[in-house]
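A short worksheet on the structure shown next.
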Amino acid sequence: MRSLGVLVLAIVGAGLLALGGCGGGAAPGAGAGPGGFPRPAAAGEVLAQGLVLHKDGEDPQLCLGSVAESYPPLCGGPPIVGWDWATVEQSESASGVTWGSYAITGTWNAAVFTVTQPPIPLSLYDPLRVDDPREDPQNAGASDEATLLRLQEELHSADYSPSQFTDWSEAPILSDWTANGYLWVSVIYDDGSIQRFMDDQFGTGIVAVLTALRDVG
């Protein structure tokens with residue numbers, strides 16, 4: 001699995017994806033131009049579970065992908081507005097970096113996450129388990145691994161997948177991997193439009209989109 005982060009923009013470029021035609025979908029690359037990939041905003045509050053990282057002299061970031069195992073940790077993500085370290089517990093600081101892992105309720109405008117309720121340290125948070133039925137072996141996808149790996153490579157070279165970016169609204173995909181007959185794609189937020197985009201491009205039952213930010217309620 002790949003992850004996004006300021007420290008790994010080169011990996012990000014390899015990890016941002018675009019599928020080719022398969023399973024009754026359109027031809028490879030159809031509609032997959034730079035402006036074709038949906039980047040939806042959330043209509044209401046959303047829940048984030050991840051690490052907040054704040055380098056001295058920079059804005060705090062909400063890391064929704066994987067985090068490099070270093071001290072201090074390294075990761076990247078969209079800016080988080082309304083964050084106040086004085087109001088949260090269980091943070092650490094080292095080498096000009098402050099960080100901590102939290103469950104955070106807020107809003108998402110497709111570029112910035114804004115805090116709307118007091119964050120809860122993840123160590124104290126008991127989330128409601130959400131199972132994706134596509135993870136069940138009884139609901140395995142019909143694509144074989146070789147096909148999925150080929151599609152994954154096509155996804156990595158998509159026009160809408162920049163190798164570098166300065167605005168997190170330009171980063172469509174956090175990570176991707178193959179499992180249970182699907183090509184899984186993790187994104188910051190999907191209101192259903194990204195899954196429909198993938199289905200329209202490449203056929204249903206091939207790409208399984210997961211959203212890091214979940215609608216509250």
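The values are calculated or read from the model by the stated rules, or taken from the named source; none is laboratory data. Just so it is clear, the model here is predicted, and its values are computed rather than measured. Here Cβ is always computed from backbone atoms with ideal geometry, including for glycine, and neighbour counts include all displayed protein chains. These accessible areas exclude ligands, DNA and RNA; they are computed on the full protein's heavy atoms, side chains included. Shrake-Rupley method; radii C 1.70, N 1.55, O 1.52, S 1.80 Å.
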Segments 116-128, 98-110 sorted - mean Cβ within 10 Å per residue, highest first
98-110, 116-128
Counting only the heavy atoms of the protein chains, how much of His54 is accessible to a 1.4 Å probe, in Å² to the nearest 10?
50 Å²
A student applying the Cα gyration tensor rule (rounded when a/c is under 1.5; otherwise prolate if a/b is larger than b/c, oblate if not) would label region 170-217 prolate
Give the Kirkwood hydrodynamic radius (Å, one decimal) of region 56-134, defined as one over the mean of 1/r across all pairs of different Cα atoms.
14.0 Å
Residue order for Asp59, Asp167, Asp191 - accessible surface, 1.4 angstrom probe, largest first
Asp59, Asp191, Asp167
Test of the criteria: in region 49-120, which GluC sites (Glu not before Pro) are in a DSSP loop and have at most 10 other Cβ atoms within 10 angstrom of their Cβ?
Glu69
Order of 176-182, 73-79 by packing, highest average Cβ count within 10 Å first?
73-79, 176-182
Net charge near Val52 (other residues with Cβ under 14 Å of its Cβ; Lys, Arg +1; Asp, Glu -1) is -4
With a 1.4 Å probe and all protein chains left in place, how much accessible area per residue does region 48-110 have, in Å²?
46 Å²
Share of carbon and sulfur in the accessible heavy-atom surface of region 74-217 [1.4 Å probe, %]:
48 percent
Neighbourhood charge, 14 Å Cβ-Cβ cut-off, centred on Tyr102 and excluding it, Lys, Arg +1 and Asp, Glu -1:
-4
